[in-house]
1. How many residues does segment 65-122 contain that are of a type in the set (Val, Ile, Thr) and at pLDDT 85 or above?
2. Filter segment 29-45 for residues that are part of a loop (DSSP other than H, G, I, E, B) and either small (Gly, Ala, Ser) or at pLDDT 55 or above (or both) and give the result.
3. Taking the condition at pLDDT below 85 and under 30 Å from ASP43 (Cβ atoms), does ALA137 pass?
4. Working only within segment 105-138, note down all residues that are hydrophobic (A, V, I, L, M, F, W, C), closer than 20 Å to ASP57 by Cα and open to solvent by less than 60 Å² (accessible area, probe 1.4 Å).
5. Could you list, ordered by first residue, the pairs with Cβ atoms under 8 Å in which the first is in segment 1-28 and at pLDDT below 55 and the second is in a helix (DSSP H, G or I), at least 6 apart or interchain?
Amino acid sequence: MQSAEAKFNKNSLLLALRRYSSAVCDMEQTILLPSLLRDVPSDDLWNCEAAEESCTDLYSNYLMLKAIRNTAESNLVRLDDHKAKNTALNKTLETLLDTDPEALFGFHLRGLFSVMSDLTKKTQSLTEKYMDIIGVAN
């Protein structure tokens, strides 16, 4: 019998989403006291302005990673937000729109894989930092 991951291609978008969701689930199960992350500065220079949050400490990073997972799993992107962002992007990316649709799709798909991979690594890193804070060896 094949495992759930074996059913998907190694570079499958569903697999990347599943890995991220699994990392966040592991983070939630490991971090029993998220308040311990308050006022602990983040070592990484995460681009939190894009998430419209100030991620100055690990607690805000924890909340951001959970919120991203919830949004990815439930498609809670409001149509108004989507239209406003598309209008701004269309102004700056008009030259890309004239390119081959298949190349444009590949460009965005590679970007999505990269984002999901980075989010998974950040989630795992946050879990490891929590383990260090409470004094448990990995």
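1. So in segment 65-122, the residues of a type in the set (Val, Ile, Thr) come out as 68, 71, 77, 87, 92, 95, 99, 115, 120.
Within this subset, residues satisfying the condition of being at pLDDT 85 or above are 68, 71, 115, 120.
Qualifying residue count for the region: 4.
2. Step one: of segment 29-45, the residues part of a loop (DSSP other than H, G, I, E, B) are 31-33, 38-40, 42-45.
Of everything in segment 29-45, those that are part of a loop (DSSP other than H, G, I, E, B) and either small (Gly, Ala, Ser) or at pLDDT 55 or above (or both) turn out to be ILE31, LEU32, LEU33, ARG38, ASP39, VAL40, SER42, ASP43, ASP44.
3. Details: at pLDDT below 85: yes; under 30 Å from ASP43 (Cβ atoms): yes.
Judged against the criteria, ALA137 is a match.
4. Going residue by residue through segment 105-138, those that are hydrophobic (A, V, I, L, M, F, W, C) are 105, 107, 109, 112-113, 115-116, 119, 126, 131, 133-134, 136-137.
So of that shortlist, the ones also closer than 20 Å to ASP57 by Cα come out as 119, 126, 131, 133-134.
Scanning segment 105-138 gives LEU119, LEU126, MET131.
5. ALA4/ARG18; GLU5/LEU15; GLU5/ARG18; PHE8/LEU14; PHE8/LEU15; PHE8/ARG18
The values are calculated or read from the model by the stated rules, or taken from the named source; none is laboratory data. A quick note: this is a predicted structure, and the numbers were derived from the prediction, not measured. Backbone-built Cβ (ideal geometry, glycine too); neighbour counts: all protein chains shown. Heavy atoms of the whole protein, side chains included, go into the accessibility calculation; ligands, DNA and RNA do not. Shrake-Rupley method; radii C 1.70, N 1.55, O 1.52, S 1.80 Å.
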